[in-house]
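Some notes on the structure that comes next.
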């Protein structure tokens, strides 16, 4: 069972998380791993605290410290294993540092990924400390289907539980273990952060790789603590821009034309959430960036379309394409709930009309 694993942790002024996270990893029942701790130019002395606290582990290279010269955000640090991970590593584990893990977390991930030779990646069940626990825990453990973020709001797929795993088409990327030899770099670096995880599992979906959740592997996640619950201008920009990019690069032109009315409705629906003026500003800024960088997006689209196996029609078949399934946002507002249910019905009717009749 000995398989060398490189666990990647990002730090950017997250002093309140690092020690609890690292301590929980070091106590794992499965010990054949290294921790690659990447610091993105922190200013809160969190790096110095890690260096002092884990001096012995750093000395024996159980923990490897990487000091970035600039903040490369999520995509940059998640790609750093290419340069710094041990050559003996067979698996890469991307783990948010605003987490803690029980003793059997890594052992269960290994059992899961080795239970099926065709699996590319496995993830843990995420138990969040804020309201998202209601969604992730419920969908992954108590329903016949699961829901998670996709080109607009959701993806849906029946789950099949076998041995240690539950086959899915999506993994929560605050924790994922994947085979090192499958992909050289997990993310397009210009995504920076937000929806980059969706890009990766959509790419895996259309290139026909298998993904699974390990129900016995648990991660306790302090959701949004690292960025805060109130959306900043920067967060809204990347969140909106990368969502649009995913829509443009994963579908063929004919499909984009068919889906465009639904996409516009989805974009407009965001304005009814919090800070609408900020969201309008972010959307305008997003489209300007996309226009100015259309060659970069076209290059990414060509790469994806060249590698794809799954057709647009088949991909749409296994995705829900609802306007929203985030019922917990509006569960105390019956009018909004009725509007969402109506919109979801119209979305699905539209999909059937344009993709299964014509």
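Among 100-106, 33-39, how do they line up from the highest to the lowest mean number of other beta-carbon atoms within 10 Å?
Top to bottom by mean Cβ count within 10 Å: 33-39, 100-106.
Could you give the length gained on full extension between residue 233 and residue 116, defined as 0.36 nm per residue of separation minus the Cα-Cα distance, in nm?
Answer, rounded to one decimal: 37.9 nm.
For the pair residue 350 and residue 190, what calculated FRET efficiency results from E = 1/(1 + (r/R0)^6), where r is the Cβ-Cβ distance and R0 = 35 Å, to the nearest 0.05?
FRET efficiency, residue 190 to residue 350: 0.65.
Determine, from the Cβ-Cβ distance of residue 26 and residue 278 and an R0 of 45 Å, the FRET efficiency 1/(1 + (r/R0)^6), rounded to the nearest 0.05.
Between residue 26 and residue 278 the formula returns 0.65.
Hey, rough spin-label estimate for residue 317 and residue 208, points 7 angstrom out along Cα→Cβ, what's it come to in nanometres?
Modelled inter-label distance: 1.3 nm.
Please give the peptides 8-14, 113-119, 243-249 ranked by average Cβ packing (other Cβ atoms within 10 Å per residue), highest first, as a rough proxy for protection.
Put in order of decreasing packing, that is 8-14, 243-249, 113-119.
Grab the beta carbon distance between residue 67 and residue 256, set R0 = 51 Å, and tell me the FRET efficiency rounded to 0.05.
E between residue 67 and residue 256, to the nearest 0.05, is 0.75.
We did not get these values from a lab; they are worked out from the coordinates using the rules stated. Keep in mind that what you see is a predicted model, and the values were worked out from it rather than measured. All Cβ positions, glycine included, derive from the backbone under ideal geometry; neighbour counts span all protein chains shown.
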